[in-house]
Each structure stands twice: as structure tokens, then as C-alpha cells.
Amino acid sequence: MEQLSLFDNRQQAAPLASRLRPGSLNDYVGQKHLLGEGKILRRLIEDDQISSMIFWGPPGVGKTTLARIIAEKTKAEFVEYSAVNSGIKEIKEVMARAEENRKMGIRTLLFADEIHRFNKAQQDAFLPFVEKGSIILVGATTENPSFEINSALLSRCKVFILKALEEEDLKQLLAHALKSPKGFGNMEIAIEDACLSAIARFANGDARTALNTLEMAVCNGRMNEHAVLCIEEDVLAQCMNRRSLLYDKNGEEHYNLISALHKSMRNSDPDAAVYWMCRMLDGGEDPLYIARRLVRFASEDVGMADSNALQTAVAAYQACHFLGMPECDVHLTHAVVYLSMAPKSNALYQACEACKADIRELPAEPVPLQICNAPTGLMKEMNYGKGYIYAHDTQEKMAQMQCLPDALANRRYYRPTDQGQEEKVKARLEEILAWKSRKY
């Protein structure tokens, strides 16, 4: 006798993400910047004015789903095409059928998933049929189309950028999965809201990952005596392979960890700094957020002691933006270790804060006339620019000229330390101040 279970229902055979694929714009979640009421792509779809286009965005944000909705809405024949399984011969066969359909008044929407994987010859084969209107080409790519798609083909397509789904979007999808008959609506499932939030954070903007994780958690849930399937935190943690399950990017732990990272780098402890940085990544933190904090740290805590620190931090930010997770973790590690080991100076931060305090508390002083421009005759008559000395015309490359307002004439904001390269800056500034004091 064949053993049955809750999951042997034929309707449940397909993956959850496939079963819940929305069939209309009203059911589609996310991409409000394109599909919200009155937005350009929504208007094009609703007015049946679709032309060839490229959807560029990370995995699991609904590129394929959106193409299917467009095909249904426009009543076009939907053809999904793979670069991996087909060559030029297969493309020509599809194009020939599309041309016949066009003659009969039937439009063909050709969806090319991962269009960046099509080689130049394959992409060129689409071009004449796109130009004639035999097909509406909808390509989906996770790569920058400027680099991966032939310029001739790209120029005939409108590029729409799809964004990673927000955490609330993903929670909406998960809640729908628990209630929908196509999902788990026929089961009584107990799961805490914090666990749904954890799944949404773990998915990092990817709806497919979120739904697959929920499905795995349901399959491993525990049935209690009341026939309620309970999804517990420890089971969910195993499904996600994450110990930092309930890390909250907007809560106390978020601020505790970023504080730990900053203070470890400030204390020149690379091991602790790397640990806290990896803890944040493991909890689903946006690597660009970490990179932005490193850029700030580079000037606030290292500053002129090693000006290369800022360049390293900015380069790490660019690498994170270019690669994303998981590859960019090593670039963040590079920057974190560099900043930890760099000599430290907060002189720039102190200068900025002291200057801001004066601006808040003191009257707004006028610019000294000697460093004002005098573009008109009247302004010259009013002594604008009178007494200005062009520093490059002097032997010392410094002028006997006051640049601060009279009320702040002797104010010092930047006070360099003797750490790292700032020691040379300090010596230079002392020479400048001594020279000016002798001359005045």
C-alpha cells in the first residue's frame, strides 16, 4: 500500500514559487516605480503599447513573471527561449513561425531569459525580426545590458530596471502563500511574524528564495496535538543555515553590531572588526550600507594619517556595488583590515565639528573684501578684491593675507596629530603658521 502524506496532493507537486506565480498586474508584488498606478510600464501594458524591452535586475524580482503577464495582457503568443539549449538554427525556426503569425495578425512575444548568455551571433539573429516587428523581444538579465547586449539590438529596446524586493513586499508574498489555496491555505500553520521577517531578510530581495525557504520550513514543521503545523525558530534557522536568524536591520542589534565594527577598527583590532562585519553580512545586512560606513570611518577616524584609507574604502564601495553578495565580502574584508591597521587621527572630524559649532553659535560673518571677486566696476569701487595677493606670484607660494573674518582671525579648527602621514602635515602647518606670525 502506498504511503500518503500531507504533501502528496498532485496540486502541490510544483514548487511553491511556481504555484503562486501571479497572473495579473494586480497580483504582482514590487516594482512600484514601474508598475504603480500611472507609472510608465503599467500604462504601456494596460494600453497594449508594448514594444521590445529589456528587464534588468537581480534574481527573483519577477522578470519572467512580468513577461508572462505582458504576454497574457497583450494576447500575444508567448515563446520562452533559452540561450543554453538553442542555437542559430532554432532561432531562425522560431523567427519563421513568428513571421507567419505576424502575417495572420498574431503577435509573438519572445522571452529571452538571461539574454546576456546569448552570444553575438544569436543576438544578431534577433535584430531583423525586431526591426520588422515580427517579434516583441523581452529580454531578462542580471547583468548590465550596456556591456552584455549588442548595441544595435539594445538601441531598439527600452531598458527597465527592476529592483530587489523590499522586506515588506516579501512578507506580503509569504503571508499570501500561507493563505492562498495554491499555497498552504488548506493547512493550519503557526509561524511567528518575527520568523516571516527573518525569511524576508534572508531572501535579500529575492521572492523565489523567500518562497522556497518557507516551503522547506513547512515541510520540516512539527504537527502538534491540535493538528496545527508549527514552524519553530530552530527549524527555520537550519533551513536558512543562519545562526543570526533574528538580526533586525532596523533594531537594536543592528546598531550594536555597527558600533562593534566601528570601535574594533578604531582600536586597531582587525580580527574583531572582520568578525563583526561578517556577523552583519550573515544577518542579511546590505553590503553597501557597511561600505558607506567604512567610507565615513576612513575620514573620521583615519583622516590625514593615511589618505589612502579613503580611496580604499571608496573602492570597496564600488566593488560591492559592482559585484554584490556573496562575492563582495572579500572586498569589505580588505577595507576593514586596511582601516583597522591604518594609523588613526580624528583631527578632520574635530575640525569639522568645531567649525560647525562656530557657525551655529556665532553671527554669520561677511567674506573679507580682499578675497571677494570684483566682476563689475561698482564692486571694484567698493574695494572688492582690494589687497588680494595671488599666492603663486610669491616666492613662498603663500600670501600675507587674512582669509578668515576679523572676528575669527586667530581661530584654529584643524589641529593635525603626529600619527602616520599626518606628522608631515603637522610639521608643514607649523612652518606655515610660524611664517605668517613673523610677517604679520
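Listed values, structure above:
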| quantity | calculated |
| --- | --- |
| Surface share of carbon and sulfur [accessible, 1.4 angstrom probe, percent] for the range 170-314 | 47 |
| Calculated log₁₀ intensity ratio I(q)/I(0) where the Debye formula runs over C-alpha points of the range 288-438, q = 0.10, 0.14 Å⁻¹ | -0.56, -0.87 |
| Nearest-ten-degree value, helix 329-341 long axis tilted from longest Cα axis of the chain | 20 |
| Low-density loop positions, trypsin sites (Lys or Arg not before Pro), the range 409-440 - DSSP coil, at most 15 other Cβ in 10 Å | Arg411, Arg412 |
| Globularity ratio of the range 42-94, using Cα Rg and 2.2 N^0.38 Å | 1.30 |
| Local net charge near Gly23, Cβ-Cβ under 12 Å (Lys/Arg +1, Asp/Glu -1) | +3 |
| From phi via Karplus (6.51, -1.76, 1.60), per-residue ³J(HN,Hα) for the range 392-403 in Hz, x at Gly/Pro | 5, 7, 9, 5, 7, 6, 9, 10, 7, 8, 8, 9 |
| The range 114-190 - convex hull of the alpha-carbon atoms, volume per residue in Å³ | 138 |
| On Cα atoms only, tilt of 193-203 relative to the major axis of the chain in degrees | 80 |
| Förster radius 30 Å - calculated FRET efficiency between Ala190 and Glu80, Cβ distance, rounded to 0.05 | 0.20 |
| Inter-site label distance for Ala434 and Ile389 at 7 Å from Cα along Cβ, in nm | 1.9 |
| Isolated Cys in the chain, by beta carbon distance under 4.7 Å | Cys157, Cys195, Cys219, Cys230, Cys239, Cys278, Cys352, Cys355, Cys372, Cys403 |
| Chain lengthening between Asp27 and Ala409 when straightened (0.36 nm per residue, less Cα-Cα) | 131.0 nm |
| Residue-averaged [θ]222 nm for the chain, counting only DSSP H segments that reach four residues, each worth -39500 (n - 2.57) | -14500 deg cm²/dmol |
| Per residue accessible area in Å² of the range 310-440, where ligands, DNA and RNA are left out and the probe is 1.4 Å | 69 |
| Theoretical FRET efficiency, 1/(1+(r/R0)^6), r = Cβ-Cβ of Ala152 and Arg97, R0 25 Å, to 0.05 | 0.60 |
| Model label zone, Gln318; criterion: amide N under 18 Å from point 7 Å along Cα-to-beta-carbon; scope the range 274-294 | 288-289, 291-294 |
| Interchain or long-range residues, amide H under 5 Å from Gly139's placed H | Met53, Ile54, Phe55, Ala112 |
| As computed over the chain, the Cα convex hull volume per residue (Å³) | 261 |
| For the range 119-203, accessible area per residue (1.4 Å probe, heavy atoms of protein chains only), Å² | 47 |
| Dimensionless Rg over Rh [the range 152-210; C-alpha; Kirkwood] | 1.21 |
| The chain: angle of helix 207-219 to the longest principal axis, Cα-based, in degrees nearest 10 | 60 |
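The values are calculated or read from the model by the stated rules, or taken from the named source; none is laboratory data. Quick caveat: nothing in here was measured; it's all calculated off a predicted structure. Quick reminder, even Gly has a Cβ in these numbers, built from the backbone with ideal geometry, and neighbours come from all protein chains shown. With ligands, DNA and RNA removed, areas are computed over all heavy atoms of the protein, side chains included. Shrake-Rupley method; radii C 1.70, N 1.55, O 1.52, S 1.80 Å.
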